[in-house]
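The values are calculated or read from the model by the stated rules, or taken from the named source; none is laboratory data. In this text, all values refer to a predicted model and were calculated from it rather than measured experimentally. All Cβ positions, glycine included, derive from the backbone under ideal geometry; neighbour counts span all protein chains shown. Protein only, heavy atoms only, side chains kept; ligands, DNA and RNA dropped before computing areas. Shrake-Rupley method; radii C 1.70, N 1.55, O 1.52, S 1.80 Å.
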Amino acid sequence: MLRQLKPKTARSKRALEKRAPKAVENPKKALFLRGTTCSQIAQDALTDLFAMRQIHSKRFHKKNPIHPFEDASSLAFFSEKNDCSMLLFASSSKKRPHNVTFARTFDYKMYDMLEFNLDPETFRSISQFKGKKVPVGTRPLMVFAGTAFESPVPNTFTMAKSMLIDLFRGETVDKIDVEGLQYVVVVSADEPTGATNEDDPSTKPVLHLRVYLIRTARSGQKLPRVELEEHGPRMDFRLGRMLEPEPAMEKEALRKAKTSEERTKKNISTDIMGDKLGRIHTGKIDLKDLQTRKMKGLKRSRDQHPENDLDAEIEAAPKQKRKI
């Protein structure tokens, strides 16, 4: 790991403060690099992914003798050296040809990794599609289709979804201009079958990545007619090996910082008139023991009919003898 040095100049101090942990983190940077042996198809795929995300990205062109799943210390070093928390490593071997490994780091330590094995038969690069190209820095819409992405249990497909979202997310903004939504990234997965072998990626469902331009035309109505035109690249993957995050590191990475924002109070709301309403939860109340106010109107004698009371008084009075 790099040595921790105290800043000697104002410039180095600002650089260290920029890397320090924050309540709202900086946009995630990605580093693109290749291994010692890398096929041309894997290089073209890495080039297209870099072209779709040139903002907050770096790319190395030299060969790097790295085997991520055997020793990831070199990737962690590059992550800290270049302040990149996401790495894409392209390599090829006899057992895993045309392979792109996605890796993420936390605190410049390896967090998780996942292999994307590219299908060379269906691969098409951006240069093979003629037409308008997406401007640099444009953020895409993202669509994930398939039941494999909706699994409640974390697996390779849920991890692939999380990594692809991190790759194309960009900066967090409050408002988006509709005119800036110019293309969409569609990721679909085949339905998984029962017979799958974890060691053989060819038995796993295929992951299809497509990129389309969004074109609008007049429809004679209030809403325009939307048309899609394939932009490229066209990639089909089979997911390979994966490295899950350690429970302690995952808990630390998902922890949110305490901010000065007012916390939401339970059972307190505000109506449309601006009045504050509160809800109080009480236990079970026995109405028999309820203490009421003592009033003459609540006396028991007043509940009886007045004519009945008069008859009762006459009967109770002693009969007097009549004088002769």
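For an R0 of 45 angstrom, estimate the FRET efficiency from the Cβ-Cβ distance between Leu181 and Lys258 and round to the nearest 0.05. Can you show the working numbers first?
Details: r = 35 Å, r/R0 = 0.77.
Computed FRET efficiency for Leu181 and Lys258 comes out at 0.85.
Shape class of region 24-183 from the alpha-carbon gyration tensor: rounded, with the ratio a/c of largest to smallest axis under 1.5. Checking (i) 71, 28, 23; (ii) 40, 22, 18; (iii) 59, 37, 21 against the coordinates, the calculated semi-axes √(5λ) of the Cα gyration tensor in Å falls under label (i). Using the Cβ-Cβ distance between Asn64 and Ile165 with R0 set to 25 Å, the FRET efficiency works out to roughly 0.45.
Of the GluC sites (Glu not before Pro) found in region 47-122, the ones in coil according to DSSP and having at most 10 other Cβ atoms within 10 Å of their Cβ are Glu70, Glu121.
State the extension gain, in nm to one decimal, for the chain segment bounded by Ser74 and Thr36, taking 0.36 nm per residue of separation less the distance between their alpha-carbons. Provide the component values of the computation, followed by the final result.
Numbers: separation 38, 0.36 × 38 = 13.68 nm, distance 1.35 nm.
Full extension of this stretch gives 12.3 nm more.
Helical content of the chain, expressed as a calculated mean residue ellipticity at 222 nm, amounts to -6000 deg cm²/dmol (DSSP H runs of 4 or more residues, -39,500 (n - 2.57) each, divided by residue number, nearest 500). Note on Ser93 and Glu230: their simple-model spin labels are 3.2 nm apart, each label 7 Å out from Cα toward Cβ. The dipole here belongs to the chain: it is taken about the Cα centre, uses +1 on the Cβ of Lys and Arg and -1 on the Cβ of Asp and Glu, and is about 1720 debye.
From the Cα gyration tensor of region 118-198, with a ≥ b ≥ c the square roots of its eigenvalues, which class applies: rounded if a/c is under 1.5, or else prolate if a/b is larger than b/c, or else oblate? Walk me through the numbers before you get to the answer.
On the way: a/c = 2.70, a/b = 1.42, b/c = 1.89.
Since a/c reaches 1.5 but b/c is at least a/b, the shape of region 118-198 is classed as oblate.
Between Ile55 and Thr216, take the C-beta separation as r, use R0 = 22 Å, and let me know the FRET efficiency to the nearest 0.05. Mind showing how you got there, number by number?
On the way: r = 25 Å, r/R0 = 1.13.
About 0.35, to the nearest 0.05.
Of all the options Thr105, Thr158, Thr259, the one that moves most in a Gaussian network model of the chain with Cα springs shorter than 10 angstrom is Thr259. Of interest is the spacing of the C-alpha centroids, which for region 79-150 and region 234-286 amounts to 30 Å. The apolar share of the surface of the chain, taken as the fraction of accessible area on carbon and sulfur atoms (1.4 Å probe, ligands and nucleic acids excluded), comes to 53 percent.
Express the C-alpha Rg of region 29-123 as a ratio against the empirical globular expectation 2.2 N^0.38 Å, rounded to two decimals.
Taking the Cα Rg and dividing by 2.2 N^0.38 Å, one obtains 1.00.
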